[in-house]
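Here is the structure we will look at, set down as structure tokens.
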Amino acid sequence: QVQLVESGGGLVQPGGSLRLSCAASGSIFSRNVMGWYRQAPGKQRELVAQSGSGGVSNYADSVKGRFTISRDNAKNTVYLQMNSLKPEDTAVYYCRLITGVNSYWGQGTQVTVSS
């Protein structure tokens, strides 16, 4: 059984920063992909950023240059540093882990960017 525990969401003003964390526990292969998705009201869930255990990362065009994904493989933890936040970044952010043939999701954390 794999569990993902997210933290770090909240309310921030435009231009501000937040850091999300997601810690995975359970049966996890050393080769895996961890990432962040988001879903705004009335919209589909979309990929924000993801990072493989080998170090390759990719980002949605809308967050390039503002968000940075990083991970601590020893702790099975992935982080998302979000800078220069915009109101359109408001969404529920979900952590995802792909290990082997299985995919797991966190419970989601709300990020609200508003003045």
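The values are calculated or read from the model by the stated rules, or taken from the named source; none is laboratory data. These numbers come from a predicted model, not from an experiment. Every residue, glycine among them, receives a Cβ derived from its backbone with ideal geometry; neighbour counts consider all protein chains shown. These accessible areas exclude ligands, DNA and RNA; they are computed on the full protein's heavy atoms, side chains included. Shrake-Rupley method; radii C 1.70, N 1.55, O 1.52, S 1.80 Å.
Of note:
- Residues of the chain: accessible area per residue with a 1.4 Å probe, Å²: 54
- Radius, Kirkwood style, for the range 1-83 when every pair of distinct Cα atoms is counted (Å): 13.6
- Heavy-atom accessible surface of the chain: percent carbon and sulfur, 1.4 Å: 47
- When the range 57-115 is reduced to its Cα atoms, the Kirkwood hydrodynamic radius in Å: 13.1
- The accessible-area ordering, largest first, of the residues E6, E88, E46 stands as E88, E46, E6, per a 1.4 angstrom probe.
- Other residues lying with their Cβ under 11 Å from the Cβ of N32 contribute a combined charge of +3, Lys and Arg counting +1, Asp and Glu -1.
- Most fluctuating residue given options G42, G15, G65, as computed from a GNM of the chain linking Cα atoms under 10 Å: G42
- Amide H to amide H, with H built 1.01 Å from N, L85 comes under 5 Å of G15, G16, counting only residues 5 or more places away or on other chains.
- Length gained when the stretch S7-D61 is fully extended (0.36 nm per residue, less Cα-Cα span): 17.0 nm
- Under Karplus coefficients 6.51, -1.76 and 1.60, residue-wise ³J(HN,Hα) of the range 16-26 in Hz, glycine/proline x: x, 10, 9, 10, 9, 10, 9, 9, 9, 9, x
- Phi angles of the range 105-115 translate, via the Karplus equation with coefficients 6.51, -1.76, 1.60 and θ = phi - 60°, into HN-Hα couplings of 10, x, 7, x, 9, 7, 10, 10, 10, 7, 8 Hz per residue; Gly and Pro are given as x.
- Linear extension gain, N83 paired with W105, 0.36 nm per residue minus alpha-carbon span: 5.6 nm
- Of the chymotrypsin sites (Phe, Trp or Tyr not before Pro) found in the range 1-61, those that fall in a DSSP loop while having at most 15 other beta-carbon atoms within 10 Å are F29.
- Phi angles of the range 63-69 translate, via the Karplus equation with coefficients 6.51, -1.76, 1.60 and θ = phi - 60°, into HN-Hα couplings of 10, 4, x, 10, 10, 9, 9 Hz per residue; Gly and Pro are given as x.
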